[in-house]
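The structure appears below as structure tokens.
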Amino acid sequence: MSEKEMSKRQARREQMRRKEVRGRWIGFGLITFGAILLAFLFIYPNLKPVGEVVTPAALARPNAKFNAAGDPNAPIKIDEYSDFQCPYCRNFYEQTEVQLMDTYVKDGVVYFAYHSFGEFIGSESAASAEAAYCAGDQDKFWEMHDIIFANQNGENIGAFADRRLLAFAKQLGLDMNKFTSCFDGKNYSALIKKDGEDGISAGIKATPSFVLSYTVNGTLKTKIIEGAQSYETFSQEIEAALAEMGK
């Protein structure tokens with residue numbers, strides 16, 4: 001083989017070697033970039049500001065205990081099935097619930113209880129319900145209920161991301177060690193699941209919906225009220241039930 005042919009072969013080998021080295025560097029660069037991007041996607045949500053937390057005016061609830069209010073021995077019980085991400089549920093809280101609390105619940109006629117509806121709208125539905133129930137361990141269920149609704153801002157877009165819910169708890173002055181232990185441990189996941197199952201068993205199909213129950217001559221009667229109805233609608237149903245009971 002001539003010296004000229006050997007020189008060409010060496011040149012080709014050198015060219016291939018450089019191409020291989022360049023390919024390795026490109027591959028390494030792509031892997032590094034991918035790793036940095038992945039790390040950013042995981043870390044950034046924990047670094048970005050949680051945003052302003054709206055604190056609503058306190059709403060008085062007579063004889064409040066955990067997720068209920070009123071006299072447990074009241075002749076009428078109303079079980080609400082709700083989702084913190086549901087805008088109509090917020091409408092009920094802002095427009096009708098306060099009037100029910102100030103009248104029929106305060107007067108001992110209605111015993112009112114709030115229930116989640118599982119993961120009806122999505123994962124943030126369950127997370128916000130978890131936060132409310134965990135706050136209930138510190139006798140702040142209704143305060144958390146109110147602050148969650150006051151900060152509602154779309155469905156499954158981070159309005160009720162874990163860091164936001166923790167910020168709500170801090171704003172309410174909760175013992176954060178106890179709250180975080182409950183929230184991170186998902187202590188109420190079984191109850192939230194049961195809420196959804198109980199609602200479906202009762203005939204609930206959407207939020208908010210309410211099961212009004214009372215007893216006439218030893219027979220339990222129930223009626224479902226669907227949607228964020230007005231105070232007048234609830235009043236009519238309550239008065240009709242009282243009349244049926246002879247009260």
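Miscellaneous remarks
- Charge tally for V110 (other residues, Cβ to Cβ under 14 Å; Lys, Arg +1; Asp, Glu -1): -3.
- Two-site label geometry, E155 and A243: point separation in nm, points 7 Å out along Cα→Cβ: 3.7
- For the pair A57 and K205, the difference between a 0.36 nm per residue extended length and the Cα-Cα distance amounts to 50.2 nm.
- Checked against a 20 Å cut-off, the cross-linked pairs K106/K178; K140/K170; K221/K247; K106/K221 give Cα-Cα distances beyond that limit for K106/K178; K106/K221.
- Proximity of backbone amide H atoms, modeled 1.01 Å from N, is registered between G122 and no other residue at under 5 Å, excluding neighbours fewer than 5 places apart on the same chain.
- Highest mean first, the peptides 123-133, 152-162 sorted by other C-beta atoms within 10 Å per residue fall in the order 123-133, 152-162.
A short reminder: the numbers here are calculations on the coordinates, not readings from a lab. Predicted model, so just to flag it, every value in this text is computed and none were measured. Quick reminder, even Gly has a Cβ in these numbers, built from the backbone with ideal geometry, and neighbours come from all protein chains shown.
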